[in-house]
Amino acid sequence: MDLSHLNPPQREAVLTTEGPLLVLAGAGSGKTRVITHRICHLLDQKVPARSLLAVTFTNKAASEMKERVVQMGGQRALGVTLSTFHAFGAEVLKEHLSKLGWPKKFAIVDTGDQIALVRRAMKERGIDEKTFDSRKVLTLISRAKNSGKAPEPKPGGADGEEGEGEDIDLVAHLVFPLYQLALKAQGAVDFDDLIVFPSRIFEQFPEVKAQYGRRFRYIMVDEYQDTNKAQLDLLQHLGDSHHNVCVVGDDDQCIYSWRGAEVRNILDFERLFPGGKEVRLEQNYRSNQVILDSANSVIEKNPDRRAKRMWSDVKGGPRVTVCCAPTEEDEARWVASEVKRATLEGVSADDIAILYRTNGQSRFLEEFLREREVRYEVIGGTEFFDRREVKDVIAYFKVIANPKDEISLLRIVNVPARGIGDVTMERLTAWALKNEVPLWKALERAAEIDTLPLGSAEKLGEFVELMARYRKAFTKGHLAELTRELLKEIGFIDAARSQATTLAAGDRKAKGVAHVIQSLEKYEKREGPKASLLTYLNRLSLDTKDEEDEAHHLAGRVTMMTLHGSKGLEWKLVFMVGLEEDLLPHSGMQGELPNPEEERRLCYVGMTRARERLVMTRAATRIKRGKDVPRTPSRFLSDLPEQLTELIELAAIPVGPPTQKEQSFFASLRDRLKTEKEATPTPASGLDRPAGDR
């Protein structure tokens, strides 16, 4: 393979195949190119494709990498294992989970089911959900799993909010064993178990660990800075026999500590993987040097990092605009006007982004963008698979595939309404607990239970017969066709439409159900005779988990999203809003302690999303609890090099469309920027380079 088009550090990273390797890949430095070329180089060295494993964090990243590897390496590359951490863990568990006492066929629960199991465990422990947030309890359980231990109460307590106080850790400690027991009872695992259990199997069964060590001789990890303790343990097990572990990442872009990411996995690489080598990729193929110098000046203030300084062949570019507005409304109005102006001057709406620290900051921005007739899309909000009617259909699938899934069973036993009410289910559940039988067995024996309301045993029997009939039918294939039959028989779509408040809302519900059936058809087409309902559900759980942070953007619209969501993306023109103390850097979310080093990394990530122009804004006051509160400029603004910054201080702007005065202001600003650009000779912008170079 010809490596002449790689820069020297990229080439070194590709050719260093033996032993532990840390590739420090700064923003826009072509890390994907390095990983794909490294895989193809190993294939050129006669390493069998099945001996190569590359893991990343999203299905999108894994499939794009697979596509590029096959494009470069041909058919021989099809045998390379390229997957997410969770999907890889699921494959290990398919073969070996029974060794830990779980059934061979297991289900993967989604977040909604996890919360339901936590609530049930809290109820069993007599813990009031009005006092303790079940989502927060689940977060603590997840963090504990990812750090390789069970949740423990903190000695002396920790600060919490709204009455939770120090006891929330104790609640997680009490709930955890019951939560894990409930998972095992219904033959299920959660997303964290997909990482934790393979390591446990490798520890307890050395012959299994040796089998995987022999199989995967070369391991590559993308976005290594996002790994947690559990993922690190898994990597160390996999690489224990040969040490050929290549990790690619950037400690300056570690921004997910709140979900377990450990920046120390990069900072302590040589200790974690003795004998490791480091290669730094510092040439940026995305942004101009003005943006990079500004971003470098911000991130360099972090005391604990691996030193690197990003540079670009594109030396010129407009100065970074810093705008101070009197109020948050003025800030939003000015940003909307600037966006409108940029689109009128020919910048595509697709090439513009507005980034903020918290979702709540989008309100005024949306208002003023609409006022100026700018099309935009807010990335975030309710995901498709969180819609009620979609979750109901999926719950039917889950009960058909696994009658032990009591969470799904309780969800759909009376959906659509079939006369099985709360009193019936409460008495049925009590009988099941007293007689120590699973809930499904209690349904099957409903005729024996004399405490049930009159006529309910017959209705329960009809439901059991319906589920048993379709469970048998689904084993013979034709999954999508059977789903249509089932939904028609129970009148599901008509019932869903009847719950909608408008005709359009009813249509959306019907389309949502149709989309589920289409996804099932695609799965059947892809898998052929191997297609099964349980495998489809597990694939669906993995897909929705791995893609939860990815933007599915509509064309022709300005992107609005959080700074966390922007990682890995890029735009020609980027607006970062709310550069104020307590907002960026944030003072701490949901009772969390402030993390100024991570907030600085988050600011750096936002800045390096811009290719040609970066605008950073702040407000002098914001409304808090109905009052105008003075705001302090973000410390990150003072780190910007003065010679690379243009400061704009706005007077109060009148409400409404841009005034003549505003239009004159924009015209003068445009002229000034044009003059500066002409005065500074710049190489070609680099925007026409192939996407692979970025």
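The values are calculated or read from the model by the stated rules, or taken from the named source; none is laboratory data. It should be emphasised that the depicted structure is a prediction, and the values quoted were computed from it without experimental measurement. All Cβ positions, even for glycine, are placed from backbone atoms using ideal geometry, and neighbour counts span all protein chains on display. Surface areas here come from the heavy atoms of the whole protein model, side chains and all, with no ligands, DNA or RNA. Shrake-Rupley method; radii C 1.70, N 1.55, O 1.52, S 1.80 Å.
Side notes on the structure shown:
- Single condition Ser408 does not satisfy, out of (1) open to solvent by 30 Å² or more (accessible area, probe 1.4 Å); (2) modelled with pLDDT of 85 or more; (3) not β-branched (Val, Ile, Thr): (1)
- Of the candidates Ser83, Ser98, the single residue that is under 14 Å from Lys184 (Cβ atoms) and either open to solvent by less than 30 Å² (accessible area, probe 1.4 Å) or not in a strand (DSSP E or B) (or both) is Ser98.
- Boolean, Leu486 is under 19 Å from Leu409 (Cα atoms), without any contact (Cβ under 8 Å) to a residue 40 or more places away in the chain, in contact with a Phe, Trp or Tyr (Cβ under 9 Å, 6 or more places away or on another chain) and surrounded by 15 or more Cβ atoms within 10 Å (Cβ to Cβ): no
- The residues listed here are Glu426, Glu366, Glu377, Glu373; of these, the one that is part of a helix (DSSP H, G or I) and either under 30 Å from Val615 (Cβ atoms) or at pLDDT 85 or above (or both) is Glu366.
- 3 or more residues over 24 Å from the mean Cα position of the chain (by Cα) and crowded, with 21+ Cβ neighbours inside 10 Å: qualifying helices (runs of 4 or more DSSP H) within the range 165-230: 167-185
- Filter result (in contact with a Leu (Cβ under 9 Å, 6 or more places away or on another chain) and either open to solvent by 30 Å² or more (accessible area, probe 1.4 Å) or modelled with pLDDT under 80 (or both)) within the range 491-510: Ile493, Arg497
- Enumerated helices (runs of 4 or more DSSP H) restricted to the range 258-351, each holding at least 2 residues that are over 30 Å from Asp628 (Cα atoms), open to solvent by 10 Å² or more (accessible area, probe 1.4 Å) and small (Gly, Ala, Ser): none
- Verdict on Ile517 being modelled with pLDDT of 85 or more, surrounded by fewer than 19 Cβ atoms within 10 Å (Cβ to Cβ) and under 21 Å from Glu406 (Cα atoms): no
- For first residues located in the range 168-180 and under 17 Å from Leu100 (Cα atoms) and touching a residue at least 60 places away in the same chain (Cβ under 8 Å), partners that are open to solvent by less than 40 Å² (accessible area, probe 1.4 Å) and assigned to a helix (DSSP H, G or I) and lie 6+ apart or on another chain with Cβ distances below 7 Å form the pairs Tyr179/Leu117; Tyr179/Val118; Tyr179/Ala121; Tyr179/Ile141.
- Candidate set from the range 395-407 (those that are closer than 22 Å to Gly477 by Cα and assigned to a helix (DSSP H, G or I)); member that is farthest from the chain's Cα centre (by Cα): Ile400
- Identification of helices (runs of 4 or more DSSP H) wholly contained in the range 1-80 with 2 or more residues that are out of contact with any strand residue (DSSP E or B) (no Cβ under 8 Å at 6 or more places or on another chain), open to solvent by 10 Å² or more (accessible area, probe 1.4 Å) and within 30 Å of Leu540 (Cβ to Cβ) yields 59-73.
- A single entry from Ala447, Ala442, Ala432, Ala417 fulfils the requirement of being more than 21 Å from Ile108 (Cβ to Cβ), buried (at least 20 other Cβ atoms within 10 Å of the Cβ) and not hydroxyl-bearing (Ser, Thr, Tyr): Ala442.
- Scan of the range 1-16 for residues that are free of Cβ contacts under 8 Å to residues at least 24 places away in the same chain and under 12 Å from Ile35 (Cα atoms), ordered by number: Arg11
- Considering residues of the range 548-590 that are among the basic types (Lys, Arg) and more than 15 Å from Val605 (Cβ to Cβ) only, the residue modelled with the lowest pLDDT: Arg557
- The range 470-482: number of residues that are within 19 Å of Asp405 (Cβ to Cβ) and surrounded by 13 or more Cβ atoms within 10 Å (Cβ to Cβ): 6
- Looking only at residues of the range 623-638 that are surrounded by fewer than 17 Cβ atoms within 10 Å (Cβ to Cβ) and polar (S, T, N, Q), we find that the one that is nearest to Arg319 (Cα to Cα) is Ser638.
- Residue within the range 133-151 that is over 26 Å from the mean Cα position of the chain (by Cα) and either open to solvent by less than 10 Å² (accessible area, probe 1.4 Å) or under 24 Å from Gln186 (Cβ atoms) (or both) present: no
- Looking across the range 239-280, just one residue is within 16 Å of Glu597 (Cα to Cα), of a type in the set (S, T, N, Q) and touching an Asp or Glu at 6+ places or on another chain (Cβ under 8 Å), and that is Ser257.
- Entry remark, the range 581-610: residues being crowded, with 21+ Cβ neighbours inside 10 Å and outside any helix (DSSP H, G or I) number 6 in total.
The rows are residues; the columns are (1) assigned to a loop (DSSP other than H, G, I, E, B); (2) at pLDDT 90 or above; (3) under 21 Å from Val574 (Cβ atoms); (4) open to solvent by 10 Å² or more (accessible area, probe 1.4 Å).
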| site | (1), (2), (3), (4) |
| --- | --- |
| Glu612 | no, yes, yes, yes |
| Val615 | no, yes, yes, no |
| Arg618 | no, yes, yes, yes |
| Thr621 | no, yes, no, yes |
| Leu640 | yes, yes, yes, yes |
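- Considering the conditions (1) assigned to a loop (DSSP other than H, G, I, E, B); (2) under 19 Å from Arg259 (Cβ atoms), Arg143 is excluded by exactly one of them, (1).
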